[in-house]
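Q: Handing you this structure, nothing more for now.
Please treat every number below as a calculation from the coordinates, not as lab data. All values derive from a computational prediction rather than experimental measurement. A quick note on method: Cβ atoms are made from the backbone with ideal geometry, for glycine too, and the neighbour counts reach across all protein chains shown.
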Amino acid sequence: MNPFAQTATLLSVLALAVPASAQFVIANSDTNNLGYDDCELTPDGRYAVLRENTWQTSARVFDLASGVEVLNEPGAGGGPSGVCQDGVAVTDERGVVIGSQVVFLDLTATPPVRLAAQDAGVFPRDVAITPDGTIAAVRGGNGVNGGLLLYELATGNRLANAPGDPFPSGLINMTFDVDSVAVTNDHAVFTSYIGPTISPRTRVTVFELRPSGGGPPAIVFETGAATDQIGEPHDVTLTPDGQHAVVRSGLSVGLYQLNGSQTTRPWHKRLFNDPGPFGLSAMDSIEATNDVIATISRRSVGGFAAQLDVFEINGTQRSMVLTGDPHDLAFTPSGERLVARTHIETFLFDVVNLPASMFMTPLDREVFDGTHTSYGAGMDSVMVTDTRAVTLSRLNGITRIRVWDISNDTLEVALETTMPDIPLDLAITPDESRCVVSGLTYVMVIDLRANAVTAQHDPSPATGSFPWCDGVVVNDERAVAFGVAVANGFGWVSILDLFAEPTTYCTSGTNSTGVAAEIFASGSARAPSNDLVLWARNLPGLEFGVFVFGDGTAQTPFGDGTFCVGGNTTRMPFLSTSAEGIATQVVDFQGPPREGGTIVPGQTWYFQLVYRDAASTGSGFNATEGLAIDIN
């Protein structure tokens, strides 16, 4: 039956209303500790491993399916990690949590258990695991057990170490490394602080992890008094192909070619016009593709400003002065565009077609100002896909989240919303469908396909504080947010079900927009939580539509597409698509039949949107593909 045989004139005044759904919170733990400050999810999605940053740093493991805590491993010895940026690293088999000791967890045991623990000095800085999951590299802290540390992940035994150079005692809590170790399967690249405090330097040490002649890992490259980078260490990253490491110190950038025992430094360059030290202004300061390196600085000469320096891999350098205090930057996954943020503006750059002159010019720049900088602007404040950029800003006590459409080489606002908390961190799911934003004690989920907020969660009524490392981590199915609530001294962690994309089936015909419409869902498939929401996009704007559902499938030609729902079918209320071509419908399992009240849990149900397409050259109506959801 053609659903548009109904009286469509009654629908002309209907507009798209974004549903206020709440995604299912699997677990919310509020425990008497000094707070969680880092977390990693195992690649298989089984566990979340968190660091509890008490005076004796502890490791905690949560089952992501149930939200149950399966391990609480107290640390030994005194001294938290302090201002490190990575405190946890994982594989499917192992977890590594750093404090005054490096704690190795065996995640193959049921439940997980501690495998080993090794002293790591006072205030260790960073931890990374080789992509093949065999070696853990730890930038340890001060003392005889600290320095540059390499461990066999299978056993937790130390493979090699070097002294490194400890931070001067007066700077332990004043300096801020974003990263101080990066690894490939063959190399580990460490940074160290070299005094004096008036003219600090950055020492770079490279280990070959598997020497061709056999034996333990060995140092194959290290800078010295005449070759150290200028300024205190700030960040280190790798090119995606693993061929180069890039080190950012306070005043310079160095490129290191990783080539077995023949590791070299092709170039070391000062930043244009010596912009000055960071202070605590930039959380992320350097990013790299295989072809281009970008770094952001706080410009303390010639007035208050930021500076962007862009280097080609051959060392050719370009620069631009930016308004505002620097905070974050990110390359798109394609490596073709760069988004940079200061507390005043957001900038979009083309990094493929670089200018012939030494001065960069943005494709677009838009004011998105804030009154918070440094930690007050969050751990991360820029995340990007090839078509979307998400930026955070806090202005006069109000946190704003802006989603930009960058698909046309401009910064077009796709969504702007507010969050009732100080911003902390944000992360985009690997499938690029959702962005999760955390505040000090708040979590918000944004669907980047619908440009809409689909969930909000307040895990703790207390006022929060900034952790050292991160505030939220995600995969396609789960988000884990965490932090510290200062009013009661409790750490909090919340695990949210992001409702991994259900199965689409059948075919969707191209419509007058030039593409085929898509159907997807948010909320959860749990009938008791009653928060399932259907969405469709790439629709003609301001047209009539209706979602239908049934307990079977079909493959029947329908207008310019296919009717995909069979069995016992029900038509939901008519709706109007938005001007942007989006439609949405709340499924009410407890409501009238047409709103989902006839859906029975424990089986698969099938959904589809059919819609009018007056501008088409075909039949004038069409349908999305079908969506199969296991309701439980």
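Q: At 0.36 nm per residue, and after removing the present C-alpha to C-alpha distance, how many nm does the segment from residue 356 to residue 569 gain when stretched out fully?
A: Length difference between fully extended and current span is 70.5 nm.
Q: Just to compare against my own numbers: the Cα pair-distance distribution for the chain, 20 Å bins, whole % per bin, please.
A: 19, 48, 28, 5, 0
Q: Viscosity 1.567 mPa s, temperature 4 °C: Stokes-Einstein D of segment 164-270 from its Kirkwood Cα radius, in µm² per second?
A: On the way: Rh = 14.0 Å.
Approximately 93 µm²/s, per Stokes-Einstein.
Q: How big is the shadow of the Cα convex hull of segment 273-378, averaged over all directions, in nm²? Please report the intermediate quantities before stating the final value.
A: Values: hull surface 25.9 nm².
Average of the hull's projected areas for segment 273-378 equals 6.5 nm².
Q: Another question, if that's okay. Order 560-573, 253-266 from most to least packed using the mean count of other Cβ atoms within 10 Å.
A: 560-573, 253-266
Q: What Kirkwood Rh does segment 208-287 have if only Cα atoms enter the pairwise 1/r average? Answer in Å.
A: It works out to 14.0 Å.
Q: Percent of Cα-Cα pairs per 5 Å bin, from 0 to the last occupied bin, for segment 372-494, please list those.
A: Computed distribution, short to long bins: 2, 12, 23, 24, 20, 11, 5, 2, 1, 0.
Q: Rounding to the nearest 20 debye, state how big the charge dipole of segment 273-378 is about its Cα centre with +1 on each Lys and Arg Cβ and -1 on each Asp and Glu Cβ.
A: Values: 6 positive and 14 negative charges, 42 e Å.
Roughly 200 debye, rounded to the nearest 20.
Q: Something else now. Need one number: convex hull volume per residue for segment 548-632, Cα atoms only, in Å³.
A: Each residue corresponds to 92 Å³ of Cα convex hull volume.
Q: Then there's this: Can you pull the semi-axes for segment 428-475, root of five times each eigenvalue of the Cα gyration tensor, sorted largest first, whole Å? All intermediate terms of the calculation are to be shown ahead of the outcome.
A: Values: eigenvalues 94, 36, 8 Å².
Result for segment 428-475: semi-axes of 22, 13, 6 Å.
Q: List the equivalent ellipsoid semi-axes of segment 475-556 in whole Å, largest first, each obtained as the square root of 5λ for an eigenvalue λ of the Cα gyration tensor.
A: Numbers: eigenvalues 270, 51, 29 Å².
Over the Cα atoms of segment 475-556, the semi-axes work out to 37, 16, 12 Å.
Q: At a 10 angstrom cut-off on C-beta neighbours, averaged per residue, how do the peptides 403-411, 116-124 rank from highest to lowest?
A: 116-124, 403-411
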